[in-house]
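The values are calculated or read from the model by the stated rules, or taken from the named source; none is laboratory data. Everything quoted here is computed from the prediction, not taken from an experiment. Cβ atoms come from the backbone with ideal geometry, glycine included; neighbour counts cover every protein chain shown. These area figures cover heavy atoms from the full protein model, side chains too; ligands, DNA and RNA do not enter into them. Shrake-Rupley method; radii C 1.70, N 1.55, O 1.52, S 1.80 Å.
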Amino acid sequence: MRHVVILGATGSIGVSTLSVLAEHPDKFSVLALTANNNVELLYQQCLMVRPAFAAMQDAIAAKQLAQRLQAAGINTEVLSGAEGLIALASHPQADIVMAAIVGAAGLLPTLAAVEQGKTVLLANKEALVMTGELFMQKVATHGARLLPIDSEHNAIFQCLPAHLQQQCYKADLSAQGIARLLLTGSGGPFLQRPLDSFKQISVAEAVAHPNWNMGQKISVDSATMMNKGLEFIEARWLFNCPAAAIQVVIHPQSIIHSMVQYTDGSVLAQLGQPDMRTPIAHALAYPERISSPVAALDFFNLPAFSFSAPEPERYPNLYLAIAACSAGQGATTALNAANEVAVAAFLAQQLSFTGIHRVNESCLNRFLGYHAQSLDDILALDAEARAFAKQQLRVLS
Ligand code: NAD
Ligand code: MG
């Protein structure tokens, strides 16, 4: 029996994780669930899985949850605040930590799990983009097992030779005959939309992803393709891969989840439904396999596959992220911070869709040469970049 902690249990990935775990009560037990402030859903989830612990970032929400659980006669212990989340992420009884908080808020709890040498299932790509080398050094130092949940990285992981899977972070890909990582992306909802109408894109249009059902922030990132940019940086660190050996390929059907191209001409791909419960099941059971509730692929009823290059005018955010990746850690930390501010402003209808790129670009230009190595430096730069991006919001609106 392996004990699982889900950080971000009420989100899209958290709910999918619970759905896979529900099929395997003999293999996994849920030790703890955490969320930001969604009391109702976390309460329902606690009723279902009866975890020993729960935590809410928001203190008032935590109090309400504790009262409701007590009234229902459920003895889940409720913690609160960042300390509560960190305590559960690093709990001595936890074997597997699903890191599925969105954005920088997930960084410290995720690092806490890494520092305890847990098996960390990484969905929270922003944490890795923010801290890159530092994050991977901690994985190595503390002997944590890092398994990618992001479907592209999970696909690449599955297409690597087994001995490389054991220590991706120090893999020498070219010495293993690997020429390139091919990162696929659907192109999002605006693949065909006329460019001159991008200014009028509404929130409802941007979050309506054609293939994937996800949280709001990653849905907007998929529409701008900043998501693929963050994934580019994520792949650079997860697989110790030089930026020059990562290529983004648009594949609107989202059936191939990414590929590895070998120097002998072979290309290995991982295919599946666009349903996160497949990579989640893979990582939960790794190196074994367990069933998931995802329907089998039916090759006689699939759309024809197509592939194209991402147009720079359509997806300028992708190219900002690729530039940041080559510039170094300060640039990626600042770009991630700016993007979180810009996307939140867009979702609050305070910034246009095209404004997201303008905020991100000005912030990247401002912090391009910055270096940040220690956690304190990174957190300080993150705060500085957020403040700058908020200033830019005022200038641009
Ligand atoms: P979501 O918005 O649906 O859920 C986010 C979760 O994080 C919620 O449980 C929320 O309570 C929690 N949370 C938010 N802010 C918090 C805070 N300040 N403190 C503590 N908890 C907080 O997001 P999601 O779509 O599930 O995505 C989660 C992460 O997984 C993101 O980093 C995303 O990029 C990544 N990811 C998601 C998908 C997907 O299909 N949804 C795919 C690949 C990667
Ligand atoms: Mg992805």
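Would you please name the residue that is nearest to ligand 2 (Cβ to nearest atom), looking only at residues in region 278-299 that are part of a helix (DSSP H, G or I) and within 20 Å of His251 (Cα to Cα)? Going through the qualifying residues, I end up with Pro279. Only one entry of Lys217, Lys228 meets the criterion of being open to solvent by less than 20 Å² (accessible area, probe 1.4 Å), within 16 Å of ligand 1 (Cβ to nearest atom) and touching a helix residue (DSSP H, G or I) at 6+ places or on another chain (Cβ under 8 Å), and that entry is Lys228. So, in region 250-271, of the ones that are in a loop (DSSP other than H, G, I, E, B) and at negative phi, which residue ends up most open to solvent (accessible area, probe 1.4 Å)? Going through the qualifying residues, I end up with Asp264.
Here is a yes/no grid of residues against (1) of a type in the set (Val, Ile, Thr); (2) within 22 Å of the chain's Cα centre (by Cα):
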| site | (1), (2) |
| --- | --- |
| Val4 | yes, yes |
| Thr10 | yes, yes |
| Ser19 | no, yes |
| Asp26 | no, no |
| Ala35 | no, yes |
| Ile74 | yes, no |
| Ser90 | no, yes |
| Ala99 | no, yes |
| Gly106 | no, yes |
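Of the helices (runs of 4 or more DSSP H) lying entirely inside region 3-101, those containing at least 2 residues that are polar (S, T, N, Q) span 12-21, 39-49, 59-71. Against the test of being more than 17 Å from Ala52 (Cα to Cα), within 16 Å of ligand 2 (Cβ to nearest atom) and modelled with pLDDT of 95 or more, the options Ala82, Ala112, Ala100 yield a single qualifying residue, Ala100.
Of the residues Ala72, Ala62, the single one that is crowded, with 22+ Cβ neighbours inside 10 Å and more than 16 Å from ligand 2 (Cβ to nearest atom) is Ala62.
Residue count for region 97-118 under the criterion of being surrounded by fewer than 24 Cβ atoms within 10 Å (Cβ to Cβ) and away from ligand 1 (no atom under 16 Å from the Cβ): the result is 3. Among the residues making up region 162-191, those that are within 26 Å of Met98 (Cβ to Cβ) and of a type outside the set (A, V, I, L, M, F, W, C) are His163, Gln165, Gln166, Gln167, Tyr169, Lys170, Thr184, Gly185, Ser186, Gly188.
Looking only at region 387-397, decide whether some residue is assigned by TED's automatic domain parsing to the domain that holds Val249 and within 23 Å of the chain's Cα centre (by Cα). There is at least one residue in region 387-397 that is assigned by TED's automatic domain parsing to the domain that holds Val249 and within 23 Å of the chain's Cα centre (by Cα).
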